[in-house]
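First the structure, in the form of structure tokens, and then the observations on it.
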Amino acid sequence: AVTRREDYRPPDWQVPEIALDLDLDPASTRVNATLNVVRTSAHDRPLVLDGAGQTPLSVKVDGVAINDWRIEEDALVIPLSGSAHVIETEVEIAPDRNTQLMGLYASGGNLCTQCEAEGFRRITFFPDRPDVLTRYKVRMAADKARFPVLLANGDPVGAGDLGDGRHWAEWHDPYPKPCYLFAMVAGDLVANRATFITRSGRQVALGIWVRPADLPKTAHAIEALKTSMKWDEDVYGREYDLDVFNIVAVDDFNFGAMENKGLNIFNSRYILADAETATDYDFDAIAAVVAHEYFHNWSGNRVTCRDWFQLSLKEGFTVFRDQSFSADQGSAAVKRIEDVRGLRAAQFPEDSGPLAHAIRPDAYLEISNFYTATIYNKGAEVIRMMATMLGPKQFRAATDLYFDRFDGTAATCEDFVACMEEGGGIDLTQFRLWYSQAGTPRVSASLTHEPGSGRAVLKLAQRMPPTPGQPDKKPMVLPLKLKLFGAETAQPIGSEQLILLSDAEEQISFETVTERPVLSINRGFSAPVIVETDRSAADLAFLSAHDDDPFARYEAMQQLMLDTLVEGAKHGQADHAAVIAAVANTLQDPHLDSAFIAEAVLLPSDSFIGDQMALVDPEAIFRAREALRRDLGRALEAQWRAAYDGARAAKFEYSPSAKGQRRLKTVALGYIAASGAVDAASLAFGQFEAADNMTDRQGALTTLVSGNAPERIAALDIFYNRYSDNALVLDKWFSTQALSARDDTLAMVTELARHRDFTLANPNRARALVGAFSVNQRAFNQASGEGYRFVADQLIALDKLNPQTAAKLIPPLGRWRRFDEARAAMMRAELERIVATPGLSKDMFEQASRSLAG
Ligand code: ARG
Ligand code: ZN
């Protein structure tokens with residue numbers, strides 16, 4: 001049944017208190033729940049407790065067993081006469097058969113939970129909705145040898161032996177919370193412990209819990225946690241509020257991590273790191289996710305969501321907070337470039353495809369399908385635009401107001417925007433359209449100049465393409481940062497302006513412009529839009545050399561590259577001279593750091609090039625990109641070798657400058673290989689063998705894996721044997737091959753799907769092979785359609801184990817409208833085959849059927 005935002009009604013019953021008693025065993029766990037329930041208004045409706053699958057063993061009301069309960073659509077319905085009662089239920093569940101990884105499940109011999117969004121109902125009967133806030137007391141009993149550590153939310157209040165080889169522990173969480181924030185863990189775990197003292201003097205005992213062998217890999221996460229706690233005090237005035245903060249890392253996890261109150265549970269890939277096994281990208285992602293989950297303690301837990309349509313209230317805001325945190329730890333410009341690249345790779349395709357939805361959607365069949373780049377990353381851009389319009393002081397005043405006013409409540413996106421208006425003193429009436437309209441706005445900008453009068457005129461127009469269910473859209477408020485530069489002097493003409501484009505068309509005039517102006521627009525990516533300008537290749541090259549906003553410099557270079565690549569894809573050839581000159585100039589600019597240079601000289605991805613074209617021609621795009629790579633490699637071979645040698649000797653260190661060097665080194669290696677240089681494979685293999693860190697080793701492997709040299713097989717074997725006992729590194733072994741640019745990638749991937757280390761039961765492994773392959777534009781979309789069939793086969797099999805993770809991998813098949821009719825027909829046929837599969841989950845049904853219809 002579809003759930004609609006407009007149908008929201010406050011709960012009929014609240015549950016101020018719960019006592020949970022879990023008798024833990026992987027094969028059979030007994031859950032006793034005691035709920036204090038209170039009728040919220042003068043209605044006569046029964047108590048309805050959500051459930052999923054399980055049957056109650058007993059139901060008591062006010063201490064007396066009853067029989068007049070019933071199960072309706074998996075929910076337990078209990079008729080009640082009074083306005084307050086005590087309900088006791090007992091159920092049995094089997095964590096070791098829980099392959100969906102929602103509710104209580106087993107991972108690596110330990111037991112853990114994942115309840116967001118609707119997993120708690122798989123543990124016990126309860127009103128599983130975020131506007132029911134409850135105080136939890138949790139008692140766990142388990143075998144002491146197998147599960148020596150028992151953790152839950154809040155503070156530990158007691159523990160002891162039960163005599164029969166079992167033991168118990170009890171935890172109380174003083175903060176009322178929705179059940180999606182419930183968590184418990186039972187396992188054989190050890191902790192990296194540390195202390196954080198909050199600014200008002202509270203001593204917080206921090207623990208990061210892992211298997212004993214993984215303990216040495218937790219240092220980076222602990223540091224990131226302490227840095228995040230301090231940052232939230234300094235930047236948002238938010239302090240931690242319990243005496244204990246625990247994180248547990250597990251190998252089997254549907255998502256990145258979960259912000260359960262006082263007991264975060266993480267996918268181990270976002271905790272475990274050392275130089276030998278984790279790349280710089282992994283280190284950065286760990287810090288970002290640790291920060292993200294920690295920041296949820298305020299933006300998510302202290303202030304939670306009224307209903308799941310408000311998901312972006314906590315996720316968009318928290319992503320914005322973690323992005324700002326990461327920007328403060330290193331190069332803010334490079335962080336912004338990475339975030340925009342991610343937005344374009346993951347969110348723009350959502351906006352332009354059949355699954356397009358607003359950051360506050362109107363309806364869903366399965367809420368798990370709405371944990372999307374739109375809700376998270378576009379949601380973050382919407383918060384960022386408000387922060388830009390308000391300015392730092394007013395934005396802080398507005399967030400203070402928000403936290404203050406809604407602390408302890410379940411709030412809405414509208415509540416947040418109202419605080420922005422009140423705290424910031426601005427009117428956001430029209431801006432609210434960002435919450436309801438899906439799609440990426442397109443802005444066209446054209447600058448003209450009359451040398452005689454010294455007047456320049458900028459014509460701006462915006463349009464919003466239609467999306468499924470939203471044929472006509474209204475103009476949005478677009479905060480655009482812009483600046484002009486003189487083409488002769490390369491000096492700024494006036495200072496940066498923030499303009500708010502709110503009409504379909506507007507004009508802005510500049511006076512006393514004495515030399516030809518060049519337009520720099522959407523600086524810092526101030527609005528998440530697509531800008532179309534008539535700037536020439538020469539002007540883009542000029543900006544890539546002279547703009548004083550690093551993001552705008554990067555953007556000018558990207559646009560220049562894109563124009564060249566699209567030309568090449570359409571006509572089979574293009575003039576590469578302007579790109580080569582601009583890249584040469586960037587490589588030799590002494591004011592730029594390595595990390596920025598590495599970003600700036602990297603060509604846009606195949607799929608981003610495809611997004612610029614009316615119809616995606618994967619082979620033509622691949623050839624155009626390879627041709628430009630080869631020409632850049634050849635023309636600038638000496639510079640690539642100089643950049644490579646300049647970065648080569650450095651010993652491993654995790655610092656912004658060392659990271660930048662490693663990044664540039666691998667980018668340079670890629671261009672040396674693209675040039676066809678005879679020593680490229682031995683250079684790569686040398687780097688592979690000599691590396692003292694995973695960034696260099698995987699960078700070299702990536703280069704080899706797309707080529708034909710004999711070193712490719714050798715490196716893959718060495719890599720596999722060296723890391724065969726490390727699941728996270730084996731994931732890299734799978735994904736690096738799935739992303740290969742070789743012609744036989746599908747054959748390799750099909751073979752890998754039969755490898756003894758491949759399993760669909762582990763989400764990281766499934767994503768490493770199937771997920772990575774399906775974003776390899778050329779391999780996935782090969783003309784035979786076999787790529788589509790392979791992915792559909794895998795997803796049908798995965799759906800039987802884990803619908804949530806399977807459904808997340810549908811979108812590449814849903815892009816059929818963007819391809820020629822032959823490919824489109826084959827993609828639709830696979831989607832139809834999925835929809836027709838007996839016993840299909842509603843997760844998959846929703847994604848696949850919307851992909852067909854949209
Ligand atoms: N709230 C978590 C986070 O963003 C993610 C939970 C994902 N849950 C889900 N059902 N997909 O940090
Ligand atoms: Zn989150």
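Here are the criteria: (1) under 30 Å from Pro604 (Cβ atoms); (2) out of contact with any Ser or Thr (no Cβ under 8 Å at 6 or more places or on another chain). Tell me which single one Gly439 does not satisfy.
If we test Gly439 against (1) under 30 Å from Pro604 (Cβ atoms); (2) out of contact with any Ser or Thr (no Cβ under 8 Å at 6 or more places or on another chain), just (2) comes out false.
Which of the residues spanning the range 579-621 are in a helix (DSSP H, G or I), closer than 22 Å to Gly353 by Cα, in contact (Cβ under 8 Å) with a residue 60 or more places away in the chain and within 27 Å of the chain's Cα centre (by Cα)?
Those that are in a helix (DSSP H, G or I), closer than 22 Å to Gly353 by Cα, in contact (Cβ under 8 Å) with a residue 60 or more places away in the chain and within 27 Å of the chain's Cα centre (by Cα): Asp606, Ser607, Phe608, Gly610, Asp611, Pro618, Ile621.
Would you confirm whether or not the range 320-328 contains a residue that is away from ligand 1 (no atom under 16 Å from the Cβ), closer than 30 Å to Pro11 by Cβ, assigned to a helix (DSSP H, G or I) and not acidic (Asp, Glu)?
no
(1) of a type in the set (Asp, Glu); (2) within 25 Å of Ala783 (Cα to Cα); (3) buried (at least 16 other Cβ atoms within 10 Å of the Cβ): which one isn't true of Asp744, the others all being true?
Status for Asp744: all satisfied but (3).
So for the range 354-375 (the condition being β-branched (Val, Ile, Thr), more than 16 Å from ligand 2 (Cβ to nearest atom) and at pLDDT 95 or above), does at least one residue qualify?
Checked the range 354-375: no residue is β-branched (Val, Ile, Thr), more than 16 Å from ligand 2 (Cβ to nearest atom) and at pLDDT 95 or above.
Within 16 Å of ligand 2 (Cβ to nearest atom), in a helix (DSSP H, G or I), farther than 30 Å from Trp816 by Cα and among the aromatic types (Phe, Trp, Tyr): does that describe Phe395?
No, not satisfied.
Select from the range 293-311 the residues that are of a type outside the set (Phe, Trp, Tyr) and either free of Cβ contacts under 8 Å to residues at least 24 places away in the same chain or near ligand 2 (Cβ under 10 Å from one of its atoms) (or both) and write down the one among them that is nearest to Asp274 (Cα to Cα).
For the range 293-311, the residue satisfying everything is Glu293.
Which residues, taken from the range 515-545, are in a helix (DSSP H, G or I) and more than 22 Å from Gln462 (Cα to Cα)?
Hits for the range 515-545 are Ala537, Ala538, Asp539, Ala541, Phe542, Leu543, Ser544, Ala545.
Among the numbered conditions (1) within 25 Å of Gly237 (Cβ to Cβ); (2) in contact (Cβ under 8 Å) with a residue 12 or more places away in the chain; (3) more than 16 Å from ligand 1 (Cβ to nearest atom); (4) not charged (D, E, K, R), tell me where Ala380 comes up short.
Going through (1) within 25 Å of Gly237 (Cβ to Cβ); (2) in contact (Cβ under 8 Å) with a residue 12 or more places away in the chain; (3) more than 16 Å from ligand 1 (Cβ to nearest atom); (4) not charged (D, E, K, R) one by one, Ala380 breaks only (3).
Which members of the range 32-54 meet the condition of being at pLDDT 95 or above and under 33 Å from the mean Cα position of the chain (by Cα)?
Leu49, Asp50, Gly51, Ala52 - these are the residues of the range 32-54 that are at pLDDT 95 or above and under 33 Å from the mean Cα position of the chain (by Cα).
Each row is one residue, and each column tells you yes or no for (1) within 13 Å of ligand 2 (Cβ to nearest atom); (2) in contact (Cβ under 8 Å) with a residue 24 or more places away in the chain; (3) in a helix (DSSP H, G or I); (4) surrounded by fewer than 24 Cβ atoms within 10 Å (Cβ to Cβ).
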position: Ala288; (1), (2), (3), (4): yes, yes, yes, yes
position: Ala291; (1), (2), (3), (4): yes, yes, yes, no
position: Gly316; (1), (2), (3), (4): yes, yes, yes, no
position: Ala333; (1), (2), (3), (4): no, yes, yes, yes
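Yes or no: Leu433 surrounded by fewer than 21 Cβ atoms within 10 Å (Cβ to Cβ), within 27 Å of the chain's Cα centre (by Cα) and among the aliphatic types (A, V, I, L, M)?
yes
Here's a check for you: in the range 201-222, which residue that is hydrophobic (A, V, I, L, M, F, W, C) and in contact (Cβ under 8 Å) with a residue 60 or more places away in the chain is surrounded by the most Cβ atoms within 10 Å (Cβ to Cβ)?
Applying the filter and picking the extreme gives Ile208.
Could you please find all residues in the range 283-320 being under 17 Å from Val250 (Cβ atoms) and of a type in the set (D, E, K, R)?
Across the range 283-320, the qualifying residue is only Glu293.
Write out, first by first residue and then by second, each pair whose Cβ atoms fall under 6 Å of each other, whose residues are 6+ apart or on separate chains, and whose first residue, in the range 736-752, is farther than 14 Å from Glu619 by Cα and touching a residue at least 12 places away in the same chain (Cβ under 8 Å) while the second is polar (S, T, N, Q) and surrounded by 16 or more Cβ atoms within 10 Å (Cβ to Cβ).
Thr736/Thr702; Leu739/Asn776; Ser740/Ser706
Kindly check whether there is at least one residue in the range 294-301 that is assigned to a helix (DSSP H, G or I), under 21 Å from Glu315 (Cα atoms) and not β-branched (Val, Ile, Thr).
Scanning the range 294-301 turns up at least one residue that is assigned to a helix (DSSP H, G or I), under 21 Å from Glu315 (Cα atoms) and not β-branched (Val, Ile, Thr).
Quick check, is Phe283 part of a helix (DSSP H, G or I), within 14 Å of ligand 2 (Cβ to nearest atom) and of a type in the set (Phe, Trp, Tyr)?
no
Sort out which residues of the range 270-286 are within 17 Å of Asp725 (Cβ to Cβ) and surrounded by fewer than 24 Cβ atoms within 10 Å (Cβ to Cβ), and write them in order of number.
The answer is Asp274, Glu276, Thr277.
Write out, first by first residue and then by second, each pair whose Cβ atoms fall under 6 Å of each other, whose residues are 6+ apart or on separate chains, and whose first residue, in the range 780-794, is farther than 13 Å from Leu769 by Cβ while the second is part of a helix (DSSP H, G or I) and β-branched (Val, Ile, Thr).
Between residues of the range 780-794 that are farther than 13 Å from Leu769 by Cβ and residues that are part of a helix (DSSP H, G or I) and β-branched (Val, Ile, Thr), the close pairs are Ala792/Ile834.
Table: residues versus (1) closer than 28 Å to Thr695 by Cα; (2) within 16 Å of ligand 1 (Cβ to nearest atom); (3) acidic (Asp, Glu); (4) at pLDDT 95 or above.
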| site | (1), (2), (3), (4) |
| --- | --- |
| Arg211 | yes, no, no, yes |
| Glu233 | no, no, yes, yes |
| Val250 | yes, yes, no, yes |
| Gly262 | no, yes, no, yes |
| Arg269 | yes, yes, no, yes |
| Leu272 | yes, no, no, yes |
| Asp280 | yes, no, yes, yes |
| Ala288 | yes, yes, no, yes |
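Give me the pairs: first residue in the range 97-108 and within 15 Å of ligand 1 (Cβ to nearest atom), second residue in a helix (DSSP H, G or I) and hydroxyl-bearing (Ser, Thr, Tyr), beta-carbon distance under 8 Å, and six or more apart or on different chains, which are they?
If the second residue must be in a helix (DSSP H, G or I) and hydroxyl-bearing (Ser, Thr, Tyr), the pairs left are Leu101/Thr805.
Which condition number does Leu225 fail, the rest of (1) among the aliphatic types (A, V, I, L, M); (2) surrounded by fewer than 20 Cβ atoms within 10 Å (Cβ to Cβ); (3) within 16 Å of ligand 2 (Cβ to nearest atom) being met?
So Leu225 meets the others, but not (2).
Could you say whether any residue in the range 67-82 is acidic (Asp, Glu), within 22 Å of Phe182 (Cα to Cα) and part of a strand (DSSP E or B)?
No, the conditions are met nowhere in the range 67-82.
Looking at the range 488-514, which of its residues are surrounded by 17 or more Cβ atoms within 10 Å (Cβ to Cβ) and over 17 Å from Lys459 (Cβ atoms)?
Ile493
Confirm whether Ala257 is of a type outside the set (Asp, Glu), modelled with pLDDT of 95 or more and closer than 27 Å to Phe652 by Cα.
no
When the residues of the range 254-278 are narrowed to those that are away from ligand 2 (no atom under 16 Å from the Cβ) and hydroxyl-bearing (Ser, Thr, Tyr), which ends up farthest from Val138 (Cα to Cα)?
Ranking the qualifying residues of the range 254-278, first place goes to Thr277.
Against the definition (within 15 Å of ligand 1 (Cβ to nearest atom), modelled with pLDDT of 95 or more, over 19 Å from Thr134 (Cβ atoms) and over 14 Å from the mean Cα position of the chain (by Cα)), how does Ser299 come out, yes or no?
yes
When you scan the range 408-502 for strands (runs of 3 or more DSSP E) that lie fully inside it, which ones turn up with 3 or more residues that are under 30 Å from Asp173 (Cβ atoms)?
Counting at least 3 such residues, we get 409-411.
The values are calculated or read from the model by the stated rules, or taken from the named source; none is laboratory data. This structure is a prediction, so every number in the text was calculated from the model and none was measured. Quick reminder, even Gly has a Cβ in these numbers, built from the backbone with ideal geometry, and neighbours come from all protein chains shown.
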